Amino acid sequence: MPSSLTYLPLSRYKFIDMVKFFRIFCFAFFFLGLSVSLQAQQLPISVEALSDQQLIQLIGQYQLSGLSEAELEAKAKEKGLSTDQILLLKKRISLLDPSLVGGTTTVNKVDTYTERNKTYIKPPSIKKKDSTGVLEVFGADIFDNADLSFEPNLAIATPSNYVLGVNDQLIIDVYGLSENTRKLKVTNEGDVRFPNLGPVKVEGLTVEEAEQKLRKALAGIYPGIQAGKTFVKVSLGQIRSIHVTLIGEVKRPGRYTVSSLSTIMNALYASGGPSDIGSFRDIKLVRNGKAIVIFDLYDFLLNGDLSKNKMLQDEDVIKVGTYTTRVALKGAVKKQAIYEIKSGESAYDVFNYAGGFSDNGYKDLIRVIRMGNAQREVLTIKANQLKNFTLQSGDTLAVDTLSTFYNNRVLINGAVYYRGAYGITDFPSLQSLLKAARLREDAYMEHGIVRRYRPDFTPEMIDFNVKDIVDGKQSVLLQKEDSVYIYKFEEVREKYTVTINGEVNKPGIYPYFENMSITDLVLQAGGYTDAASSQNIEIARRIRSKVAGKDTMLYAIVKEIDMAALNQPKEALAYILSPFDVVSIRRSPNYKEQITVTIEGEVMYPGKYALMEKVEKLSDILKRAGGLKQTADASSAILVRQSYVHKSETDMATVNSKLGVINKQGKREVLPINTDTAQLKNSLQSLYKLQKPVGIRLLNALQHPGSKDDLLLEEGDVIKVPKMVQTVQTFGAVNVPQQIAFSEGERFGTLIKKSGGFALHASRKRSYVIYANGEVKSTRKFLFFYSYPVVKRGAEIYIPFKPERKGTSTIELVGIGSSLASLAGLVIALINATK
């Protein structure tokens, strides 16, 4: 029969079969819905197995958002979660992004760790110093360290002395002739129920005792146990949680849920440790109303002794008392802190707790600052009195560091190979010290100094001749803290240099060396440039006169070397230089660099051309360019010239003066006299942009070569020959400024009429024409008649506006009238006064 009824035709079944099928289907659907409904009432058992998305859906489904911590715990217990699962649920919710959850669940942010499905709370790190604000209490840092949790090791084998209790899980393994394994939980009555055996009481027994008892009980159903062929092994599965209470001077007293394997240290860490006034050495474990152990944290901190760190049991109480005596130890000791001492302990014990003096500690004297009845007081003790010195609570022991002064040190620095500190016992004299430190070859032998402190610690300086000390002609005995300095030869003289300028690749200042020649200096400067003349080299040398009181009119000794006049020029180049010589390499007088000009527009071969000689003119370069094209308009040709090309820095003062004139005319800021070269060059470029093309008459120059119109060319010149233009352009104070088709013979006035005539405020007498070749002609006036310039093709006609005249306002008229009236009154008063 097919597995699915939906694929069979209904016609094959009788009506009664259909009724039976419908009843079975409804019955199954009812139980399925009931099962789903029951499951919906319980939270998932494995909280840690849920993804974040599933946990968010769970919070929305059971309305867990917006609950306080207590409300969340109550609702989780209502849904059947154990204490361990509740702790894990809190942790998971606290780690969720609040923006993904519908509300905010007020679960405190706590760190937890999980082992064997058990979850333990790790308290937040609280780092707080003692009330003094300077030193920490010794041992408090272990409770502030987030990397230390003191959690019990749950991955170890079951301790044989572990006492079983309610909710512990036992793993009973029967093996050998018979095989059976059971995981049984200790019930609330304290027993476990093995199948076919009945309840066996194990509460209060150790694991070892429980194993013996279960072995005897199981022998009744497994005969092989007595025969030695079947064996029983009992181990601990999931452990139970217990409740302990911490009271007294702890940071967070209260009732804590911890693992049944937890110890005193686990509970102390969970509570944050002793408070500011809590004792680290008086921690009592109270069980059933009796103190069974007093735990001293110093045993663990100093010796690693955890023998009194007892395992906790359910309903244990840990009581932390207040400290009795605390003292502070600071200064040059290995561990500065506030220490708690017991009765009978002395200052010697405190120093042992601190690890003793530091290496730079002053051990002969220790100061003790004590809180007296009315005022503070200072006591001093020696190191050998520490064992017998009784401390009081609030005492502060201060240990000084050793003095920075040495008992037997002398120092040497400068031109020696082995600088630094030496012992005066081994080197009592300056001669022995110099021999040990070994003078360098560049030591200045005529003078050295010893810096010394007098008995009153005022400094003094003792000078000596280094050579005399070495030769034994002079003797100086050293004292402690003397500092000897030997000068280097280069420190006591000006640094020797030589200078080279002119036609070398890298002119500048170079270090001087003995026996340095001109060739050596030229090579250091990168060799000659292509324009250099090696036949004329000049050397300028300082004048050094050793005769006192003599004056001279000379500035320097100048030596010129003419290579052409020497039979052996190599010997001249080998000329030995002296310090501070200035070598000048001249430029060859016959050396010329290529000078180019540019021809653009209507010529046969436009482009860049190098000038062949200094006197090459417009007509010459036009011939080399192949002459003009038929479409060229020679009368409109222009020459653009850069006025300031290859000017030296010394010309910049003149350029600046010219710039000042132009800037004043343009009402711009004038550059100061001390303007640097770069700024002047930038201003020069701006000046060039303001220049108009040079007006030339190219047609005359071509028709009459060598005439005044045939200009000499300069570097960078640009000759532009345009095509013929049939228009003129009007600008300025005309009604319709425009381009106008030009016919030969048309007059100035006719063209103005074609532009709509003069505008209202046109200044006719100031009108002018700029021709296509760059020439400018202005209007002339004779009596009442205007003589306008002749207009040619391509010209530009400019009609300026009359300057605006500002009239006198009413307020100004009133002011002037008032002033005149006052002046008249003053004159009348003076006349009356003279009568």
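The values are calculated or read from the model by the stated rules, or taken from the named source; none is laboratory data. Bear in mind that the values here come from a model prediction, so they are computed numbers and not experimental data. Backbone-built Cβ (ideal geometry, glycine too); neighbour counts: all protein chains shown. Heads up: the accessible areas ignore ligands, DNA and RNA and are worked out on the full protein's heavy atoms, side chains in. Shrake-Rupley method; radii C 1.70, N 1.55, O 1.52, S 1.80 Å.
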Label-point separation, LEU379 to LYS753 (7 Å along Cα→Cβ), nm: 12.8 nm
At 1.4 Å probe size, with no ligands or nucleic acids counted, give the accessible surface of HIS761 in Å², nearest ten. 110 Å²
GluC sites (Glu not before Pro) lying in DSSP loop within region 358-465, provided at most 12 other Cβ fall within 10 Å: GLU441
In region 738-821, what trypsin sites (Lys or Arg not before Pro) fall in a loop by DSSP, with at most 15 other Cβ atoms inside 10 Å? ARG747, ARG805, LYS806
Taking the Cβ-Cβ separation of VAL286 and THR401 as r and a Förster radius of 51 Å, what is the calculated FRET efficiency to the nearest 0.05? 0.65
Report, by chain and number, residues whose modeled amide H sits under 5 Å from the one on VAL137, excluding near sequence neighbours (fewer than 5 apart, same chain). ASP130, ILE338
Heavy-atom accessible area of ASP456, protein chains in place, probe 1.4 angstrom, given in Å² to nearest 10, is 100 Å²
So which trypsin sites (Lys or Arg not before Pro) in region 332-405 are both in a DSSP loop and have at most 11 other Cβ atoms within 10 Å of their Cβ? LYS382
I need the phi-derived Karplus couplings for region 383-396: 6.51 cos²θ - 1.76 cosθ + 1.60, θ = phi - 60°, integer Hz, Gly and Pro marked x. 4, 7, 9, 5, 5, 9, 8, 8, 8, 10, 4, x, 5, 10
Using each residue's phi in region 421-437, evaluate 6.51 cos²θ - 1.76 cosθ + 1.60 at θ = phi - 60° and report the 3J(HN,Hα) Karplus result to the nearest Hz, with x for Gly and Pro. 9, 9, x, 5, 5, 7, 10, x, 10, 5, 5, 5, 5, 5, 5, 6, 7
Starting from the amide H of PHE295, placed 1.01 Å from N in the peptide plane, find each other amide H under 5 Å away whose residue is 5 or more places distant or on another chain. ILE283, LYS284, LEU285
In the structure shown, of LYS435/LYS473; LYS467/LYS488; LYS251/LYS319; LYS614/LYS723, the pairs separated by more than 20 angstrom at the C-alpha atoms are LYS614/LYS723
Amide H proximity to ALA759 below 5 Å, modelled H, separation 5+ or other chain, gives VAL734, ASN735
Could you let me know the centre-to-centre spacing of region 728-748 and region 382-456, using Cα atoms, in angstrom? 100 Å
Expected output is a single nm value to one decimal: the length gained when fully extending between LYS387 and ARG367, i.e. 0.36 nm times separation in residues minus the C-alpha distance. What is it? 5.7 nm
Cα centroid separation - region 464-498 against region 190-248, whole Å: 93 Å
